[in-house]
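What follows draws every value from the coordinates through simple rules; no lab data is involved. Not measured: the values here are computed from a predicted model. Reconstructed Cβ throughout: ideal geometry from the backbone, glycine too, with neighbour counts over all protein chains shown.
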Amino acid sequence: MWEKDHQILSELISNNVEIPLIPLPNSSNEVTLTENIDNNSYSIKIKGLPKETFILKADEFPALLNFFNGLKGERKRADYIILTNIKNKKIAIFLELKSGNPDNKDSINQLKGAFCLYKYLQKVGQIFWEETNFLTDYEIKFAVIKEIPQKIKLKKQTSKFKRENLVSKIPLDQLNLPEIPKYFSSLKHQQEIYFKTLL
């Protein structure tokens, strides 16, 4: 059940890793996700999040540089994991934010790495909290938001919200793992992203 998952996540995840939602008057929620790289920052606002949502900053988890060789990109992780419950349907969204438009291979490795972190969290909850159904039965989705302007460049940007051509679906290499999505969503930067475009 979502309530049990949320309880365990709240006990397991440090406050500096959880990203709080901002409630809005219309019973909806929004969040601003920010990345800081080389003293430059960029952010994206996501609106229309369900109340039953838990967001964690996945790249706060150590990169295991002294443990993994990194030959296959296994050290990488996406920026965020968004766990939500919509009408009793549990969804896990693995989200990477990009200021540019990099090669898809790197983004795919980051998404896969965040999924591995999710599986690790699942086992920690199942074993240490003795809850065998923790983080089970989630529909897995991968998403990347690209070309997010850095703050130092924001004043020069005047993009408005447009729905057309916002999302494209890019196939993933077949892994023969039923849990891994067959594609990931690539989203162009907008001033505001509505949560439903990640689904």
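Stretched out fully, how many nm does the piece from Q126 to T32 gain, at 0.36 nm a residue minus the Cα gap?
Gain in length upon complete extension: 30.8 nm.
Can you figure out the FRET efficiency of M1 with L177, using R₀ = 35 Å and their beta-carbon distance, to the nearest 0.05?
In this case the efficiency is close to 0.90.
Count the DSSP beta bridges whose two residues both fall in the chain, then state the antiparallel fraction as a percent rounded to the nearest 5.
Taking every DSSP beta bridge within the chain, about 70 percent pair in antiparallel fashion.
Straight distance only, please: which aspartates and glutamates reach the Cα of K112 with their own Cα at less than 12 Å, same-chain residues fewer than 8 apart left out?
Output for K112: E74, D79, E96, D173, E179.
Calculate the spin-label point distance for N39 paired with K169, positioning each point 7 Å from the Cα along the beta-carbon direction, and give it in nanometres.
4.4 nm
Could you give the alpha-carbon Rg of the range 1-198 over 2.2 N^0.38 Å, rounded to two decimals?
1.02
I want the local charge near N101. Using Cβ-Cβ distances under 14 Å, sum +1 for each Lys or Arg and -1 for each Asp or Glu among the other residues.
Here the count lands on 0.
Using 0.36 nm per residue, how much length does the chain from E192 to L65 gain when fully extended, once their Cα-Cα distance is taken away?
Gain on extension, E192 to L65, equals 42.2 nm.
By how many nm would the segment from L12 to N101 lengthen if fully extended, with 0.36 nm per residue of separation less the alpha-carbon distance?
Working it through step by step, the gained length comes to 28.6 nm.
In the structure shown, do any of K4/K105; K4/K57; K4/K188; K119/K188 have a Cα-Cα gap over 32 Å, and if so which?
K4/K105; K4/K188
Given the options V167, L97, F142, identify the residue whose Cα lies farthest towards the positive end of the charge dipole of the chain (+1 on Cβ of Lys, Arg; -1 on Cβ of Asp, Glu).
Going by the charge dipole, the pick is V167.
Per residue of the range 74-86, what does 6.51 cos²θ - 1.76 cosθ + 1.60 with θ = phi - 60° give for ³J(HN,Hα)? Whole Hz please, x for Gly and Pro, Karplus curve as stated.
6, 7, 7, 8, 5, 6, 9, 10, 10, 10, 8, 10, 10
Please compare each pair in K123/K169; K87/K196; K89/K141 to a cut-off of 20 Å on the Cα-Cα distance and tell me which ones are over it.
Over 20 Å Cα-Cα: K123/K169.
Once amide H atoms are placed 1.01 Å from N in the peptide plane, what residues at a sequence separation of 5 or more from V144, or on another chain, have their amide H within under 5 Å of its amide H?
Sorted by chain and number, the residues that satisfy this are E96, S185, S186, L187.
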